[in-house]
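Right, one structure below, let's go through it.
The values are calculated or read from the model by the stated rules, or taken from the named source; none is laboratory data. Computed from a predicted structure; not experimentally measured. Reconstructed Cβ throughout: ideal geometry from the backbone, glycine too, with neighbour counts over all protein chains shown.
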Amino acid sequence: MKVYHGSLEVVEHPMILRPNRKLDYGEGFYTTTSEKQSKEWAERRMLEKHSDCGYVNIYEFDETKISEFKSLIFTEPGKEWAEFVLANRTQKGFTHDYDIVYGPVANDKVYIQFSLYESGVISIETLIRELKTYKLVDQYLFHTEKALKALNFIEAIKIG
């Protein structure tokens with residue numbers, strides 16, 4: 001299966017990154033099965049950094065070997081997924097020991113729903129119901145060096 005990573009640079013050798021902000025599944029290397037989404041991620045970075053080009057990096061990932069890794073898989077938004085995302089985004093010092101985490105993206109467009117839940121305005125059931133109305137793309141987090149070895153770089157497509 002092909003997975004994509006939007007970036008300002010060609011990333012032939014993915015690395016575990018420590019982001020400057022809290023992300024859905026913690027630190028690591030994020031990819032998606034959506035080429036369109038990875039292009040949008042690269043374009044957003046281009047705007048943030050005032051860059052005139054970016055790249056969609058393409059990798060091969062043999063998802064049949066996922067059982068060889070300690071993995072956490074969320075097939076759709078649910079209570080466990082929401083709690084995991086909130087823990088990663090809000091709990092200081094929170095970490096996990098999964099090699100790979102897969103599930104929906106809690107992007108900035110839907111994060112307001114998380115804020116409403118966290119402040120007690122809506123219930124977890126309402127949060128999940130609201131999130132299911134959005135078309136959420138997926139993401140894979142490769143959280144460990146072992147997991148990164150499962151990615152094989154194919155090519156990078158220049159955008160911009």
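Odds and ends about this structure:
- Per the conditions (1) surrounded by fewer than 18 Cβ atoms within 10 Å (Cβ to Cβ); (2) closer than 21 Å to Thr144 by Cβ; (3) over 13 Å from the mean Cα position of the chain (by Cα), the sole criterion not satisfied by Asp99 is (1).
- Odd one out for Gly120 among (1) in a helix (DSSP H, G or I); (2) modelled with pLDDT of 90 or more; (3) among the small types (Gly, Ala, Ser); (4) surrounded by fewer than 17 Cβ atoms within 10 Å (Cβ to Cβ): (1)
- On inspection, Thr144 passes the criterion of being closer than 30 Å to Asn57 by Cβ and touching a residue at least 60 places away in the same chain (Cβ under 8 Å).
- Hey, Glu27 of a type in the set (Asp, Glu), within 15 Å of Leu141 (Cα to Cα) and surrounded by 13 or more Cβ atoms within 10 Å (Cβ to Cβ) or not: yes
- Meets criteria (buried (at least 18 other Cβ atoms within 10 Å of the Cβ) and touching a strand residue (DSSP E or B) at 6+ places or on another chain (Cβ under 6 Å)) for Asn57: yes
- Output for the stretch 89-125, where each listed residue is acidic (Asp, Glu) and either touching a Pro at 6+ places or on another chain (Cβ under 8 Å) or touching a residue at least 12 places away in the same chain (Cβ under 8 Å) (or both): Asp97, Asp99, Glu118
- Verdict on Gly28 being touching a residue at least 12 places away in the same chain (Cβ under 8 Å), at positive phi and either touching a helix residue (DSSP H, G or I) at 6+ places or on another chain (Cβ under 8 Å) or not aliphatic (A, V, I, L, M) (or both): yes
- When Thr64, Thr32 are checked against the criterion of being among the hydroxyl-bearing types (Ser, Thr, Tyr) and either within 25 Å of Lys135 (Cα to Cα) or in contact with a strand residue (DSSP E or B) (Cβ under 6 Å, 6 or more places away or on another chain) (or both), a single residue qualifies: Thr32.
- Among residues of the stretch 37-61, those that are out of contact with any Phe, Trp or Tyr (no Cβ under 9 Å at 6 or more places or on another chain) and either part of a strand (DSSP E or B) or closer than 15 Å to Gln139 by Cα (or both), counted: 2
- Filter pass, Ile128 being part of a helix (DSSP H, G or I), surrounded by 15 or more Cβ atoms within 10 Å (Cβ to Cβ), touching a Pro at 6+ places or on another chain (Cβ under 6 Å) and not basic (Lys, Arg): yes
- Residue check for Tyr102: outside any loop (DSSP other than H, G, I, E, B) and within 18 Å of Gln37 (Cα to Cα): yes
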